[in-house]
1. In whole Å, what are the Cα extents of the range 127-220 along the three principal axes, biggest one first?
2. Among Lys62/Lys167; Lys30/Lys62; Lys169/Lys206; Lys108/Lys167, which pairs are too far apart, with a Cα-Cα distance over 26 Å?
3. What is the extension gain from Lys181 to Arg139, computed as 0.36 nm multiplied by their sequence separation minus the C-alpha to C-alpha distance, in nm to one decimal?
4. Out of the chymotrypsin sites (Phe, Trp or Tyr not before Pro) in the range 154-194, which ones are loop residues according to DSSP with at most 12 other C-beta atoms within 10 Å?
5. Taking loop as defined by DSSP and a crowding limit of 15 other beta carbons within 10 Å, which GluC sites (Glu not before Pro) in the range 139-231 fit?
6. Figure the gain on full extension for Phe164 and Asp151 (residue separation times 0.36 nm, minus the Cα-Cα span) and round it to one decimal in nm.
7. Pull out a ≥ b ≥ c, the square roots of the eigenvalues of the alpha-carbon gyration tensor of the range 37-87, then state rounded if a/c is under 1.5, prolate if not and a/b is larger than b/c, and oblate in the remaining case.
8. Given the Cα-Cα distance of Asn24 and His57 and 0.36 nm per residue of separation, how much length would full extension add, in nm?
Amino acid sequence: MLAVSPDSYGFETNNFQIHSRITNAQHAEKPRIFEDHLFLSYESDRPVRFVGVAFSHENFSKIHSFIRNIHGIFVFVYPLPEDVEQVLYRIVVDGLWMADPSNPRIEKDPSGIFLSSVKLPPKEINRWKLTAPVISEDRAEFYYFGSPGQDIYISGTFNNWDPFMHKLKELTPGSYSISLKVLPGTHFYYFVANGIFMLDTLNPNKGSDSEGFEVSMFEIEPPILEIATEEKKGLKLFN
């Protein structure tokens with residue numbers, strides 16, 4: 001069952017540019033991106049009671065509701081999702097699902113449903129405030145900064161020191177990144193930039209490989225297992 005969420009940022013936003021776009025929109029327009037937010041709009045030549053939107057990256061499990069501004073235009077502002085290169089969505093108008101009529105970019109999913117598409121710009125990375133790798137549960141995200149157009153790979157204990165298994169993606173010119181699932185433990189690695197082995201300059205932790213060469217190092221802690229108590233389980237324990 002779909003959940004309707006009245007969570008458009010609408011007139012509550014403190015961002016002047018977004019607030020101005022919401023209040024002053026007099027016609028629907030193609031999707032716009034303002035300071036890490038997606039702006040959608042809809043208008044109709046007939047009376048409309050409800051306009052909503054559902055997103056592919058949320059598995060279409062939630063309907064976000066538009067609001068109507070003083071000019072009668074339905075508008076919606078949505079924070080750009082993380083780790084998504086494009087946003088796929090459908091809108092619903094008084095129960096009728098459709099692609100966004102204001103968006104010329106349309107794709108068809110495997111089941112033949114037409115979805116509206118918005119390609120997101122790559123996010124800028126502040127290398128001066130970044131300490132890598134960034135550890136999140138069982139994943140490690142690595143960053144490399146250099147000249148644009150390079151082939152950058154990462155080699156370490158987590159891929160048997162294979163210098164060509166994992167290639168970093170160039171997010172913006174000269175900014176490269178990769179996110180890998182890594183088992184708990186202590187890991188050693190280095191970058192391979194156009195065939196040259198290089199330490200991770202963003203990582204102050206160093207170690208040595210089996211041959212004594214200096215390499216970068218990081219650790220992933222094992223998950224903390226919570227021991228269920230008798231009260232939590234509602235079971236009687238026997239010795």
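Values quoted throughout were computed directly from the atomic coordinates according to the rules given, and no laboratory measurement underlies them. This one's a predicted model, so the numbers in the text were calculated from it and none came from an experiment. We place every Cβ from the backbone using ideal geometry, glycine too, and count neighbours over all the protein chains shown.
1. 32, 28, 23
2. From the list (Lys62/Lys167; Lys30/Lys62; Lys169/Lys206; Lys108/Lys167), the Cα-Cα distance tops 26 Å for Lys62/Lys167; Lys108/Lys167.
3. 14.7 nm
4. Working: sites: Phe158, Trp161, Phe164, Tyr176, Phe188, Tyr189, Tyr190, Phe191; in loops: Trp161, Phe164.
Passing sites in the range 154-194 are Phe164.
5. On the way: sites: Glu141, Glu170, Glu211, Glu214, Glu219, Glu226, Glu230, Glu231; in loops: Glu211, Glu226.
Listed in order of number, the matching sites are Glu211, Glu226.
6. Numbers: separation 13, 0.36 × 13 = 4.68 nm, distance 0.98 nm.
Gain in length upon complete extension: 3.7 nm.
7. Taking the square roots of the gyration eigenvalues as a ≥ b ≥ c, the range 37-87 is prolate.
8. Full extension of this stretch gives 8.9 nm more.
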